[in-house]
Structure formats: C-alpha cells, structure tokens
Amino acid sequence: GGQNWQDDFQLTLHLQDEVGSISSTGNIFLTNIHRVFEGNINESSFEQEVLKSSKPVVVDYWAVWCQPCKIIAPIFEELSKELTNIKFCKINVDENQELASKYEIMSIPTLMVFKNGQPTGVIIGALPKSQLKQKIMELIK
C-alpha cells in the first residue's frame, strides 16, 4: 500500500545520506526531495528555485525558534509528496532577512505561493493539513 512506499522512501532517503548517490536518476529525485526536507533555499538560490520555476512554488518562511513552524513542518513535507505538481521550498528568515523584508513577512510561519515568478497569495499561521492544502490549491489556480 501507499504507506509502505513512504516507509521505503524514508529509508532510501536515510541511506542516501549514508552512502551518497544511489543512481543518477534516483539520486536527482531524492536530492530534490531532500532539499524540501532540509529546506535549503536562500537569497542566492531564490531566483532560480522560486522565481524561474516552471511549476508553482510554495515557500515556507520559518525560523528555528518558532514553535508553530515546527507544527507545520511535517505537514509541509507530507504535502510536498502529495502535490507533486508544486514545488515546496523553505526559507529561514533569520538567515535570509533581506528576502523576508522584501516580501514583507511580518509573522511566521508564512507560506507564500508563487506562480510564474509572482506571489499569488499568503497563508499565515499553522493551519490543519486539509485547510493548508485547500488554500494552496486555490492560490495556484
């Protein structure tokens, strides 16, 4: 069933950390997913990863000290696996203050949805998964 796939996937992801690349195609896939888990996008990669993306992008503005951010982190990861037509990225606001101020991020977590390089809306606060998913789907239309 679907659950096993996720368990295997988690294991594969863990193994990839230990052994390096698995296969060229598998590795690219895992690395892209891995970026979502790690949340590694920053000011230098923002344009390429978000503004120039051919897919809609959901950017999670978060910080290490933010408790609600920790609550939505696993939900964000689950949605990234379910909504494969959308790219999910995370930006640490403490490390990327220019981006946070450029997009007027006042409170976190803020999820900002981008389509064709333009922000189409924001979702502020830790919402249940069903509500997050619904709002994201509305914002990428």
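What follows is calculated from the coordinates using simple rules that are stated; it is not laboratory data. Quantities reported herein were computed from a predicted structural model and do not represent experimental measurements. Positions of Cβ are backbone-derived with ideal geometry, glycine not excepted, and every protein chain shown enters the neighbour counts.
Checking every one of the trypsin sites (Lys or Arg not before Pro) in the range 45-137 against DSSP loop status and a limit of 11 other Cβ atoms within 10 Å picks out Lys52.
Projecting label points 7 angstrom from Cα along Cα→Cβ for Glu82 and Asn116 puts them 2.8 nm apart. Estimated from the Cβ-Cβ distance and a Förster radius of 30 angstrom, the FRET efficiency linking Lys102 and Gln131 is about 0.65.
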